[in-house]
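The structure under discussion appears below in the form of structure tokens.
The values are calculated or read from the model by the stated rules, or taken from the named source; none is laboratory data. The shown structure was predicted, so the numbers you read here are calculated from the model rather than taken from an experiment. We place every Cβ from the backbone using ideal geometry, glycine too, and count neighbours over all the protein chains shown.
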Amino acid sequence: MNILITGSPGVGKTTLIRRVLEGMSGEVGGFYTEEIREKGIRNGFKVTNFDGQEGILAHVDIESPFRVGKYGVDIEVFERLGASAVERAVREGKTVVIDEIGKMELHSARFRSVVLSALDGGSLVLATIGRISDPFVEKIKGRKDVHLLVVTSGNRDDLVSEVAKLVKDSRGGEDEDLL
């Protein structure tokens, strides 16, 4: 099974995944993203993989042909840290965490390929996915092996236990401490 979490920007998708991961045992691979705030203003995003490596995914000061709004996207950094971490997790049979399948990340053709490989592989995929109009995103959301959950400010705390149960069930009852 593949568990995808969607919702509006800033609603708590990444926080939800991180809370679920706190209770998990076993091997996890992939990456997560976080905002970069300077004096309370969001100026970019960093990508961090589960090997502890991090870099700047996008920033207002990055000059790049790949742009999302005011942010320049550094595809090379993202592929080195994010896409390669997902490839490694799939190869090693770990639970695959992808945070996020969104506009910035989808500038990478390699990442699109890696996402499909992860979803088709035998490992559990736990991912956030943007609420964007994109044929690739719609194709993923429509897969029969995907359980799509929508996070809102009203349900985000309750979804932690629901996602934890889905993870536990998909891993054959492992992670008894998740519930």
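The residue of the stretch 143-152 that is surrounded by the fewest Cβ atoms within 10 Å (Cβ to Cβ), among those that are touching a strand residue (DSSP E or B) at 6+ places or on another chain (Cβ under 9 Å) and over 15 Å from LEU166 (Cβ atoms), is THR152.
Listed by first and then second residue, the pairs linking a residue in the stretch 63-77 that is at negative phi to a residue that is of a type in the set (Lys, Arg) and not in a strand (DSSP E or B), with Cβ atoms under 6 Å apart and 6 or more places separating them unless they lie on different chains, are VAL68/LYS103. Say whether the condition of being within 17 Å of VAL28 (Cβ to Cβ), at pLDDT 90 or above and among the charged types (D, E, K, R) is met by at least one residue in the stretch 98-116. Taking every residue of the stretch 98-116 in turn, at least one turns out to be within 17 Å of VAL28 (Cβ to Cβ), at pLDDT 90 or above and among the charged types (D, E, K, R).
Tell me yes or no: at least one residue of the stretch 120-141 is buried (at least 23 other Cβ atoms within 10 Å of the Cβ), touching a helix residue (DSSP H, G or I) at 6+ places or on another chain (Cβ under 7 Å) and assigned to a helix (DSSP H, G or I). Checked the stretch 120-141: no residue is buried (at least 23 other Cβ atoms within 10 Å of the Cβ), touching a helix residue (DSSP H, G or I) at 6+ places or on another chain (Cβ under 7 Å) and assigned to a helix (DSSP H, G or I). Quick check on ASP169: is it under 20 Å from VAL28 (Cβ atoms) and at pLDDT below 90? Yes; evaluated as a whole, the condition is true for this residue. Number of residues in the stretch 41-67 that are acidic (Asp, Glu), at pLDDT 95 or above and in contact with a helix residue (DSSP H, G or I) (Cβ under 9 Å, 6 or more places away or on another chain): the value is 1.
For the stretch 41-53, name all the residues that are in contact (Cβ under 8 Å) with a residue 24 or more places away in the chain and either out of contact with any strand residue (DSSP E or B) (no Cβ under 9 Å at 6 or more places or on another chain) or surrounded by fewer than 16 Cβ atoms within 10 Å (Cβ to Cβ) (or both). Step through it out loud before you land on a result.
Filtering the stretch 41-53 for residues in contact (Cβ under 8 Å) with a residue 24 or more places away in the chain gives 44-45, 47-51, 53.
Of everything in the stretch 41-53, those that are in contact (Cβ under 8 Å) with a residue 24 or more places away in the chain and either out of contact with any strand residue (DSSP E or B) (no Cβ under 9 Å at 6 or more places or on another chain) or surrounded by fewer than 16 Cβ atoms within 10 Å (Cβ to Cβ) (or both) turn out to be ASP51, GLN53.
Inspect the stretch 11-18 for any residue being farther than 17 Å from ALA118 by Cβ, in contact (Cβ under 8 Å) with a residue 24 or more places away in the chain and among the hydrophobic types (A, V, I, L, M, F, W, C) and give the result as yes or no.
Residues of the stretch 11-18 that are farther than 17 Å from ALA118 by Cβ, as a first pass: 11-16, 18.
Then drop every residue that is not in contact (Cβ under 8 Å) with a residue 24 or more places away in the chain, which leaves 11-16.
Subsequent filtering for residues that are among the hydrophobic types (A, V, I, L, M, F, W, C) retains 11, 16.
Yes, the stretch 11-18 contains at least one residue that is farther than 17 Å from ALA118 by Cβ, in contact (Cβ under 8 Å) with a residue 24 or more places away in the chain and among the hydrophobic types (A, V, I, L, M, F, W, C).
Among all residues of the stretch 82-101, there is at least one that is outside any helix (DSSP H, G or I), touching a residue at least 24 places away in the same chain (Cβ under 8 Å), surrounded by fewer than 20 Cβ atoms within 10 Å (Cβ to Cβ) and touching a strand residue (DSSP E or B) at 6+ places or on another chain (Cβ under 8 Å).
Going by the structure shown, is ILE36 more than 26 Å from ASP145 (Cα to Cα), without any contact (Cβ under 8 Å) to a residue 60 or more places away in the chain, in a loop (DSSP other than H, G, I, E, B) and in contact with a Phe, Trp or Tyr (Cβ under 8 Å, 6 or more places away or on another chain)?
Working: more than 26 Å from ASP145 (Cα to Cα): yes; without any contact (Cβ under 8 Å) to a residue 60 or more places away in the chain: yes; in a loop (DSSP other than H, G, I, E, B): no; in contact with a Phe, Trp or Tyr (Cβ under 8 Å, 6 or more places away or on another chain): yes.
When the stated conditions are applied, ILE36 does not pass them.
Counting the residues of the stretch 102-113 that are assigned to a helix (DSSP H, G or I), touching a residue at least 24 places away in the same chain (Cβ under 8 Å) and surrounded by fewer than 24 Cβ atoms within 10 Å (Cβ to Cβ) gives 5.
Looking at the stretch 22-40, which of its residues are surrounded by 15 or more Cβ atoms within 10 Å (Cβ to Cβ) and either modelled with pLDDT of 90 or more or under 22 Å from PHE111 (Cα atoms) (or both)? Before you say what the answer is, go through the steps one by one.
Of all residues in the stretch 22-40, those surrounded by 15 or more Cβ atoms within 10 Å (Cβ to Cβ) come to 23-24, 28-34, 36.
Residues satisfying the conditions are VAL28, GLY29, GLY30, PHE31, TYR32, THR33, GLU34, ILE36.
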